[in-house]
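Notes for the one structure printed next.
The values are calculated or read from the model by the stated rules, or taken from the named source; none is laboratory data. Values in this document were obtained by computation on a predicted structure and should not be read as measured data. Every residue, glycine as well, gets a Cβ built from its backbone with ideal geometry; the counts of neighbours run over all protein chains shown.
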Amino acid sequence: MSDHVSRTGSSYATPAILEHLASLHAVHDPALDAAFRAADTHTIPAIQLGVHEGALLGWLLRGIRPAKVVEIGTLAGFSGIHIARALRAGGTLFTLEIDPVHAKIARESFRAAEVADRTEVMLGDASASLAILRSRGPFDAVFVDADKAGYDQYLRWALANLAPGGMFIADNVFLFGRLLDDTPEAAAMRRFHSRAAASLDTALIPTPDGLLVGRMPA
């Protein structure tokens, strides 16, 4: 094992440290906080991005000021608010959600955050929605936080529909610690990683479950 890889196993990010620093670097206004805590008030899973990952997502996208972004996996709209606030004037976030309850909550979150005018929630199977969106591209960024077995499929769509220099971001790329398991889901995620490394300029940010950031060749 190379030396630089062998030194990546330790983490000093205790929950207390992360909570303290969130009050400085990942501050939420009421609408953003309500979307983040939606699982406390609605019957939905608490599987949204972490506060620091959400802040990073918004920061990365503000750097490119995208006009059109596709998000696969809406949930309660927490990540979508970060994306929508990073759009340039007149930009649009197309966010895909299969669960009608999640989609309803997300629309409420977007209204509360005053970004409903720049978001389009597409309810239904992601494959069908992505087929519709082909004619709306190319896109400046694609963010994926959805069914993990579908990541390789979503990446292939992104590679065909991102603009030159466009950004691709995916959460949970460690597959909850199961990336190297002998399962079809793990094999699909490994194919995703191989395809991303071969097709994009990539960096892996070792968040608790991994955040992959890639850029299309210009």
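The test for being over 24 Å from LYS104 (Cβ atoms) and in a strand (DSSP E or B) holds for ASP140. Taking the criterion of being among the small types (Gly, Ala, Ser) and modelled with pLDDT of 95 or more, the residues of the stretch 128-145 that qualify are ALA128, SER129, ALA131, SER135, ALA141. For the structure I just gave you, tell me whether GLY73 is closer than 22 Å to ILE205 by Cβ, small (Gly, Ala, Ser) and either modelled with pLDDT of 95 or more or crowded, with 18+ Cβ neighbours inside 10 Å (or both). Here the answer is yes, as GLY73 does meet what is asked. Summed over the stretch 30-44, residues that are of a type outside the set (Gly, Ala, Ser) and either in contact (Cβ under 8 Å) with a residue 12 or more places away in the chain or touching a helix residue (DSSP H, G or I) at 6+ places or on another chain (Cβ under 6 Å) (or both) total 6. Among the conditions (1) within 27 Å of PRO206 (Cα to Cα); (2) more than 16 Å from the chain's Cα centre (by Cα); (3) buried (at least 18 other Cβ atoms within 10 Å of the Cβ); (4) of a type in the set (D, E, K, R), ARG118 misses just one, which is (1). Inspection of the stretch 154-164 finds no residue satisfying the criterion of being small (Gly, Ala, Ser) and at pLDDT below 95.
Residues that are among the small types (Gly, Ala, Ser), in a loop (DSSP other than H, G, I, E, B) and either closer than 17 Å to PHE110 by Cα or at pLDDT below 85 (or both) within the stretch 19-46 comprise just one, ALA46.
Go through the residues of the stretch 129-141 one by one and say whether even a single one is surrounded by 13 or more Cβ atoms within 10 Å (Cβ to Cβ) and over 20 Å from GLY91 (Cα atoms). Among the residues of the stretch 129-141, not one is surrounded by 13 or more Cβ atoms within 10 Å (Cβ to Cβ) and over 20 Å from GLY91 (Cα atoms), which makes the answer no. Of the residues ILE81, ILE105, only one is buried (at least 21 other Cβ atoms within 10 Å of the Cβ), assigned to a helix (DSSP H, G or I) and in contact with a Ser or Thr (Cβ under 7 Å, 6 or more places away or on another chain); which? Only one candidate qualifies: ILE81.
Results for (1) surrounded by 14 or more Cβ atoms within 10 Å (Cβ to Cβ); (2) in contact (Cβ under 8 Å) with a residue 60 or more places away in the chain; (3) assigned to a helix (DSSP H, G or I), shown as yes or no for each residue.
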residue: LEU159; (1), (2), (3): yes, no, yes
residue: ALA163; (1), (2), (3): yes, no, no
residue: ALA170; (1), (2), (3): yes, no, no
residue: SER194; (1), (2), (3): no, no, yes
residue: ALA197; (1), (2), (3): no, no, yes
residue: THR202; (1), (2), (3): yes, no, no
residue: ASP209; (1), (2), (3): yes, no, no
residue: VAL213; (1), (2), (3): yes, yes, no
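Pairing residues of the stretch 49-69 that are within 11 Å of ARG85 (Cα to Cα) with residues that are part of a helix (DSSP H, G or I) and acidic (Asp, Glu), at Cβ distances under 8 Å and at least 6 apart in sequence or on separate chains, gives no pairs at all.
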